[in-house]
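To start, the structure itself, in structure tokens.
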Amino acid sequence: MKDDQRQKIIIDTDPGQDDAVAILLALASPKELDVLAIVAVAGNVGLKQNALNALKIVELSGRTDIPVYAGCDRPIRRRLVTAEHVHGKTGLDGPSLPEPRIGLQPVHGVDFMIETLLASQGKQITLCALGPLTNIAMALAKAPQIAGRIKRIVLMGGASFEGGNITPAAEFNIYVDPEAADMVLSSGVPITMIPLDVTHQALATKPRLGAIGQLGNRTGSAVLEMLTFSERFDLEKYQWDGAPLHDPCVIARLLEPDIFEGRLINVRVEVASELTRGMTVADYWAVTGRKPNVEYLRHLDADRFFSLLTERLARLP
């Protein structure tokens with residue numbers, strides 16, 4: 001693939017362990033993906049630590065040419081809910097990664113998004129959302145005209161058939177900032193949603209993790225340590241053969257879209273009820289008559305997904 005045909009992407013993230021693997025997958029695929037920047041958001045842990053984690057991951061990959069920005073430090077209307085119980089105190093517990101030598105860019109991440117989209121020619125840039133949607137919602141609120149400049153938003157978030165993972169009804173990324181999710185899903189921008197219904201099929205079993213750990217590079221070793229730490233929570237909760245690997249599905253969708261299957265449906269976000277706050281109401285069977293606004297993915301080929309992930313991680317230092 002020629003450089004001018006690469007997919008231009010901005011990764012919006014709250015780097016826990018699965019976010020880190022998604023970023024590494026993207027940075028290991030320079031022939032297909034032109035990563036314009038990584039923008040941190042509050043989510044798994046606070047913004048300051050998430051931004052630091054993003055810098056560490058960039059250095060781990062050897063791709064220190066990728067700029068990192070810090071975005072919003074809290075949801076639009078809610079108090080921040082974090083997930084140290086899954087990701088550890090740092091949000092990236094497991095490997096001992098060195099303090100980064102590179103630093104954050106001086107511009108706010110939301111302003112970077114707006115400026116970059118307004119300067120782009122046509123619909124060229126895909127936003128890859130791996131965390132709460134606060135940054136993207138704020139960019140759309142500050143500069144509504146960018147909606148017409150976004151090629152697509154591919155997001156990990158939501159759930160329907162699998163229920164929630166932070167409450168019985170809600171998936172974590174949507175739950176943290178449901179108002180932001182509602183704004184994004186109502187924006188008219190083309191959206192691909194990768195919910196728990198898909199990511200719960202991407203199980204990091206011992207053989208799959210072992211293959212990554214045996215790559216013989218520092219990235220493979222770090223990923224093994226990351227996922228061995230973060231999977232303990234889900235293994236205890238679900239009692240499955242492996243823990244779900246959520247966020248790398250976003251990048252895999254761009255690299256090999258036919259790994260996934262889904263359909264266009266209407267999805268709305270519950271923002272009023274405390275009982276079902278952040279629930280993604282997915283009209284998968286078209287019973288409401290509401291206009292489809294989301295490409296909702298439902299299935300993936302897990303063997304192909306992990307084959308792609310392992311092959312790409314092997315390319316990194």
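Out of all the residues in the range 95-124, which are charged (D, E, K, R) and part of a loop (DSSP other than H, G, I, E, B)? Before the answer, list the steps.
The initial filter retains those residues of the range 95-124 that are charged (D, E, K, R), namely 99, 101, 111, 115, 123.
If the condition is that a residue be charged (D, E, K, R) and part of a loop (DSSP other than H, G, I, E, B), then E99, R101, K123 are the ones that fit.
Residues E274, E295, E311: which one is acidic (D, E), more than 15 Å from P195 (Cβ to Cβ) and not in a helix (DSSP H, G or I)?
Just one listed residue meets the conditions, E274.
Can we say I136 is in a helix (DSSP H, G or I) and either under 20 Å from the mean Cα position of the chain (by Cα) or surrounded by fewer than 21 Cβ atoms within 10 Å (Cβ to Cβ) (or both)? Spell out how you get there, then give the answer.
Working: in a helix (DSSP H, G or I): yes; either under 20 Å from the mean Cα position of the chain (by Cα) or surrounded by fewer than 21 Cβ atoms within 10 Å (Cβ to Cβ) (or both): yes.
The answer is yes for I136.
Restricting to the range 278-290, name every residue that is within 19 Å of I194 (Cα to Cα) and not in a strand (DSSP E or B).
Of the range 278-290, the ones within 19 Å of I194 (Cα to Cα) are 278-286.
Across the range 278-290, the qualifying residues are G278, M279, Y284, W285, A286.
The set of residues in the range 1-23 that are within 12 Å of the chain's Cα centre (by Cα) and more than 21 Å from L118 (Cβ to Cβ) comprises T13, D14, P15, G16, Q17, D18, D19, A20, V21, A22, I23. Return yes or no: is D73 in a loop (DSSP other than H, G, I, E, B), more than 19 Å from M156 (Cα to Cα), touching a residue at least 24 places away in the same chain (Cβ under 8 Å) and within 18 Å of the chain's Cα centre (by Cα)? So D73 passes the test.
Look at (1) surrounded by 20 or more Cβ atoms within 10 Å (Cβ to Cβ); (2) of a type outside the set (V, I, T); (3) part of a loop (DSSP other than H, G, I, E, B) and you find that R79 fails only one, number (1). On the given criteria, is Q49 surrounded by fewer than 19 Cβ atoms within 10 Å (Cβ to Cβ) and touching a Lys or Arg at 6+ places or on another chain (Cβ under 9 Å)? No.
Looking only at helices (runs of 4 or more DSSP H) that lie completely in the range 179-248, which have at least 3 residues being in contact (Cβ under 8 Å) with a residue 60 or more places away in the chain and more than 24 Å from L264 (Cβ to Cβ)? Talk me through it step by step, then tell me what you get.
Numbers: elements: 196-199, 206-213, 218-238.
Output list reads 206-213, 218-238.
For L275, the conditions (1) surrounded by fewer than 19 Cβ atoms within 10 Å (Cβ to Cβ); (2) under 30 Å from P95 (Cα atoms) are fulfilled apart from (2). Only one of the listed residues (G164, G158) is assigned to a loop (DSSP other than H, G, I, E, B), under 14 Å from H246 (Cβ atoms) and either of a type in the set (D, E, K, R) or under 14 Å from the mean Cα position of the chain (by Cα) (or both). That residue is G158. Test N173 against the stated conditions and say whether it is within 16 Å of V271 (Cβ to Cβ) and either in a helix (DSSP H, G or I) or at pLDDT 95 or above (or both). Criteria met by N173.
Restricting attention to the range 142-163, which residues are surrounded by fewer than 24 Cβ atoms within 10 Å (Cβ to Cβ), farther than 22 Å from Q124 by Cβ and in contact (Cβ under 8 Å) with a residue 40 or more places away in the chain? If the condition is that a residue be surrounded by fewer than 24 Cβ atoms within 10 Å (Cβ to Cβ), farther than 22 Å from Q124 by Cβ and in contact (Cβ under 8 Å) with a residue 40 or more places away in the chain, then S160, F161 are the ones that fit.
The values are calculated or read from the model by the stated rules, or taken from the named source; none is laboratory data. All figures in this text were calculated on a predicted structure; none of them were measured in a lab. Neighbour counts run over all protein chains shown; Cβ positions are idealised from the backbone, glycine included.
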